[in-house]
Amino acid sequence: MATDAGIELAPAAALFFCDRHKVPVPDWLVSHAARGYCQQLGPSRPKNRGRSSGIVDRCRQDMIDLMRCDTVRNARFQQKRFSETLKTDADAPPNVLEHPMKMSIWYGHDWLRAYECASMILKNTPAFGGPDAMKASYCRVERNMVHPKESWRYFLFEPEFLEAIGLDHPSRWGQSSKCAPLYHLTL
């Protein structure tokens, strides 16, 4: 459970859910919420520095890291998929292979190109960044997903709750409204 893993936004999200759906608040939730509220008010709370210094900022950065990681994973999957398509359909007419060939060339075959593709795909979203940022986020998520407690950092809360605390859910980030093949994107 996210609250047991120490995810500080989890009690607030659960309270938001109970209020929204008119569900009675369970005792365990009252305990977690009270503890978290007291910690936020306490003067001993350390003053973190950097982009992820607050609870909401940490959540925003975790969502960005997750979206970058997911996009890199998808790029790696597409690299293998288009490579396999070209191998298995080698006897197909040239006009059938034109799109897979262009996509295979665009996606490339190595990790560096996967990071570059992820960077281009996420260009107009809050998860934008260069290939180095994509690699750093990918490695961070992969490292944290191995640990049960750390993996809860990447739990995506309801869009309505995130909006209530001033964040957009990644499903609402939207990407370019232009409809063009990926192989026209460049860094």
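Dipole magnitude of the chain about its Cα centre, charges +1 at Lys/Arg Cβ and -1 at Asp/Glu Cβ only, in debye to the nearest 20?
The dipole magnitude comes to about 480 debye.
Under 25 Å between C-alpha atoms is the cut-off here; go through the chain and count lysine pairs that meet it, provided they're at least eight residues apart or on different chains.
11
Using +1 at the Cβ of each Lys and Arg and -1 at the Cβ of each Asp and Glu in the chain, identify which of Ser104, Leu156, Tyr37 lies farthest towards the dipole's positive end.
Tyr37
Please build a GNM for the chain, connecting alpha carbons under 10 Å apart, and tell me which residue among Leu167, Leu86, Leu66 fluctuates the most.
Among Leu167, Leu86, Leu66, the largest GNM mean-square fluctuation belongs to Leu86.
Taking only DSSP H segments of four or more residues, each worth -39500 (n - 2.57), what value at 222 nm results for the chain once the sum is divided by all its residues, to the nearest 500 deg cm²/dmol?
-19000 deg cm²/dmol
Using a 1.4 angstrom probe on heavy atoms only, work out the carbon and sulfur share of the accessible area of the chain in %.
57 percent
At 1.4 Å probe size, what's the solvent-accessible area of Phe82? Round to the nearest 10 Å².
About 10 Å², rounded to the nearest 10.
Give the ranking of Arg140, Arg172 by solvent-accessible surface, highest area first, calculated with a 1.4 Å probe.
Heavy-atom accessible area, descending, gives Arg172, Arg140.
Quick one, which of (1) 157; (2) 109; (3) 130 is the actual volume of the Cα convex hull per residue in Å³ calculated for this model?
Read-out taken from this structure: (1).
Rank these residues by their accessible area, most exposed first, probe 1.4 Å: Leu187, Leu9, Leu15.
Leu187, Leu15, Leu9
Pull out the extension gain between Arg113 and Leu182, defined as 0.36 nm times the separation in residues minus the alpha carbon to alpha carbon distance; nm, one decimal.
23.5 nm
The values are calculated or read from the model by the stated rules, or taken from the named source; none is laboratory data. Bear in mind that the values here come from a model prediction, so they are computed numbers and not experimental data. Neighbour counts run over all protein chains shown; Cβ positions are idealised from the backbone, glycine included. The area values use the complete protein model at the heavy-atom level, side chains included, leaving out ligands, DNA and RNA. Shrake-Rupley method; radii C 1.70, N 1.55, O 1.52, S 1.80 Å.
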